Every structure is written in structure tokens, then in C-alpha cells.
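Engineer: Sending over a structure as C-alpha cells; questions will come in a sec.
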DNA sequence: TCATTAAGTGGTACGCGTTCTATCTATTGG
DNA sequence: CCAATAGATAGAACGCGTACCACTTAATGA
């Protein structure tokens, strides 16, 4: 009775392969033609399946887009690493990383929208995004930079979290509330850093 | 020749009246049934006009939603004022305001999405949002609280801007990247305040 | 009254996300 | 080969934002 008759369900490997294929094409489309080109119907055509098949692998469009988050973050942190390689002093390293991070979003507002503003984010997302080890690495990098500047502080995690969300907030405000005369991005980033590195 | 023949174009008053009517119904719908109920077709039915007529008064859906920003902000700052009325010490007042602000968004994620995550925010928005004097008042309130805590600082505006965008960033991260184990909202807000009030 | 001009209506159309149903196709145990 | 089961498909449907169109309805100066 345990081995039921009939076709067996997809195993985890097959599931992941199919999802990777779809998400991979989604990334290609996004890079080539921007955010708006990533539509279910279009994506299905590219990947060579029926639109509805995608819904067998993902819960919806937003669920697919989560798979692209890691790639966007990787790109941002590549730029950060490039800056870090030129810098020595802990405080300068933290400052360079922060400013590069903010500037990345301001220079790639499409990517920012993809990660932080894509549609229905009300429901709880399970660990597609954070299970990526590289993403953890990125967060750890920030945490390490913070720790290098304030080695004695007990609340390194809170500081790092505040820094990350603060930087994202600066980008968000500059992008969405564009008609308000915000202070310059670098100046706000510096002010933000002042508390993290105290 | 100057007074051309034919029906004259709507004057500014008429323009604004029509826009207010549409935006007013949009606000009602939004409050009663949430963000997703504010659709052009639905809105046109409520307001008693054809869907396309709305496009004669607004550039698109996002353009309408801007009109609701001020109302949402007013609601948030009402709550802040309630807290401020109970608090005396400048530093406590700033802290209460900041935490109330962040908590407001976390308790009203629909409102947060309405203001900061609604659709196409790539284009430059003209001064529908910021021309509201009450909104300016709100920003000034924050600025005043900052100044009360650090009266000698020359960069009050930068500090206030950083605080506002930082708080919004905290809310954004907690709302959108819900599966990451962020530090508690209050803890991050405190960390953020540490630099603003230094 | 009449030509002129702007405002608003109705319909059609495209592509979108998403859901549903009915129908194939593939893979298994018997 | 057969029955059973899961995967994938096509097709229709709903409501959405938005665009284009011909059309009607004001409101005006002459």
C-alpha cells in the first residue's frame, strides 16, 4: 500500500530543476528588457510551457520574483567588494560599503523595485530568499564591517540590521518621494553611519 | 483673437473640484475595502462617470493614489501627537514619535504599501503630495523634535531626513523581507535615534 | 442660430495575473 | 495491457490598467 500505483510525484530535485529553469528565464528577461517584461504569459512562452504550468511550480508572480532577489543582491555586493578592495581603515570600509549600497539602488531603481516593491508582499514568504547562502554571506559582511568599527558593542546585529534597513529606507525615499527636497544621499548615509559606528 | 470661440477649457477651480471628487471616493473605497478595491473601473462606477473620464483628470492610477498619501500621513501623525501630549522630555518625545511612526506602518501595512509601494513610481511626481501644507507641518514636527534634542547641531535637516527615511526603511524591511530574522522594530528605532540625537 | 471648441461617453481592444475545467500525456504497480 | 495517478495542456473566463476611437453633449463668440 505504501508504494501507491500510478505516476509518482516529482521529487525535490525535479521540482527545483523546473523552478530554476523558470526563474532563470525570468532573470534573463528582467536583465534584457526590464521589470515589466517579466509577465507570466511572456515567461511561459520563453520557457516553452503553458502559462498555467508555471502555477504548478510557483504560487504566483511574486513567488517567482523572489528567486531574482539573490541575483540582484549579488550584483550590489560585487560593487561593494570592489570598493572594499581599495580601502583599508575599518571606518572607511564601512562608509564605502554603505554609500556604494545606497548608490547602487539609486542607479538601478528597477532592481530596487524588483526586490522591495514588487506587488503583494503582505503574505509571509518562506525561505526562498534567505536560504541562499550567499545572501547570508552578504549580511554577514555588513555585520563584520560594523563589528570592525565597534568591536566592543554587544548589539552588533541590531546595529547591522539598522544600518541595512536605514540604507534601504534612504533609497526608498529618494526613489518614491522624489518631489521632496531630501538631503543628499551621501549626507544621509553619513548621518546614519554616525550612530552605527558610535 | 485672444478670446477664442468655443467652449472654454476648465479653469483651475473646476479642475481641482473634479480631482477632489474622484480622489475623495478613492479614499472612501480604500478605507472601506482596502487598497485592492481602488480600481479605475470600480472608482468610475462609484463616482458616476466613465472609466476613461478619470484619465482626463489624472495621468493614471498612481497619480490618483498620490492624493491619498496626505490622508494616510495625517493619520500617522495624529497618533504621534497623541503620544507627544503625554511626554515632556525632549529625548523621550523624539523616541515616542519615532516608535509610534514605525509601529503605525507595521500595524497598517496596507497604508504603507499605498504610499511607498504603489506601482510605477519611476517617473517624477509633481507637487501633488508635498504641496499639502499639513505634510510640510508633519516634516517640520520631526525636524523640531530633532532640534529640541540637539539644538547646537548645524545639520538638523539632514538628521531629520535621515531619521524619517531610516524609520521608513525599518518598516519596509520588516514588511517585505519578512522571513529574515530582523532585530525588533523598537530596538532598531532606538539604534537609529542614537545618532540623530547625539 | 451657427460654427467652433472642450468635455465626457461608449465601445473595442490589448496584455496582464489568476482561476477553473476538461482533456490530454507520462509514468508507475499490477 | 490495464487501471491508476500525477503532470501538463488548452481554453475560457473575470477583472484589471490603459489606449484609441467615433460620438454626443456642453459652452462659448459671432
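Engineer: Based on what the data block shows, is residue B:62 within 30 Å of residue B:148 (Cα to Cα) and more than 12 Å from DNA strand C (Cβ to nearest atom)? Quick ask: steps written out before the conclusion?
Structural biologist: On the way: within 30 Å of residue B:148 (Cα to Cα): no; more than 12 Å from DNA strand C (Cβ to nearest atom): yes.
Answer is no for this residue.
Engineer: Can you name the residue in region B:21-31 that is farther than 12 Å from residue B:110 by Cα and away from DNA strand C (no atom under 11 Å from the Cβ) and, of all such residues, is nearest to the chain's Cα centre (by Cα)? Spell out the reasoning first.
Structural biologist: Residues of region B:21-31 farther than 12 Å from residue B:110 by Cα: B:21-29.
When the remaining residues are screened for being away from DNA strand C (no atom under 11 Å from the Cβ), the result is B:23-29.
On the way: B:23: 15, B:24: 16, B:25: 18, B:26: 15, B:27: 13, B:28: 16, B:29: 17 Å.
Only one residue fits best here, namely B:27.
Engineer: Determine which member of the set B:18, B:70, B:12 is surrounded by fewer than 16 Cβ atoms within 10 Å (Cβ to Cβ) and either more than 14 Å from chain A (Cβ to nearest Cβ) or away from DNA strand C (no atom under 16 Å from the Cβ) (or both).
Structural biologist: From the options B:18, B:70, B:12, the qualifying one is B:12.
Engineer: Oh, and also: Go through region A:40-51 and give me each residue that's touching a helix residue (DSSP H, G or I) at 6+ places or on another chain (Cβ under 8 Å) and either in a helix (DSSP H, G or I) or within 7 Å of DNA strand C (Cβ to nearest atom) (or both).
Structural biologist: A:40, A:41, A:42, A:43, A:44, A:46, A:47, A:51
Engineer: Let me ask something else. Quick one: which of A:54, A:80, A:22 is closer than 30 Å to residue A:141 by Cβ, within 15 Å of DNA strand D (Cβ to nearest atom) and part of a helix (DSSP H, G or I)? Can you show your working first?
Structural biologist: Values: A:54 fails: closer than 30 Å to residue A:141 by Cβ; A:80 fails: within 15 Å of DNA strand D (Cβ to nearest atom).
Result: A:22 is the single residue among A:54, A:80, A:22 that is closer than 30 Å to residue A:141 by Cβ, within 15 Å of DNA strand D (Cβ to nearest atom) and part of a helix (DSSP H, G or I).
Engineer: For a quick check of your reading: which helices (runs of 4 or more DSSP H) sit entirely within region A:133-198 and have at least 1 residues that are within 7 Å of another protein chain (Cβ to nearest Cβ) and buried (at least 17 other Cβ atoms within 10 Å of the Cβ)?
Structural biologist: On the way: elements: A:133-149, A:156-176, A:185-196.
Counting at least 1 such residues, we get A:156-176, A:185-196.
Engineer: Moving to a separate point now. Considering region A:57-67 alone, what residues qualify as being in a helix (DSSP H, G or I) and crowded, with 16+ Cβ neighbours inside 10 Å?
Structural biologist: Restricting attention to region A:57-67, the residues satisfying the condition of being in a helix (DSSP H, G or I) are A:57, A:61-67.
Scanning region A:57-67 gives A:57, A:61, A:63, A:64, A:65, A:66, A:67.
No lab work stands behind these numbers, since they all come straight from the coordinates. No experiment lies behind these values; they were computed from the predicted model shown. All Cβ positions, glycine included, derive from the backbone under ideal geometry; neighbour counts span all protein chains shown.
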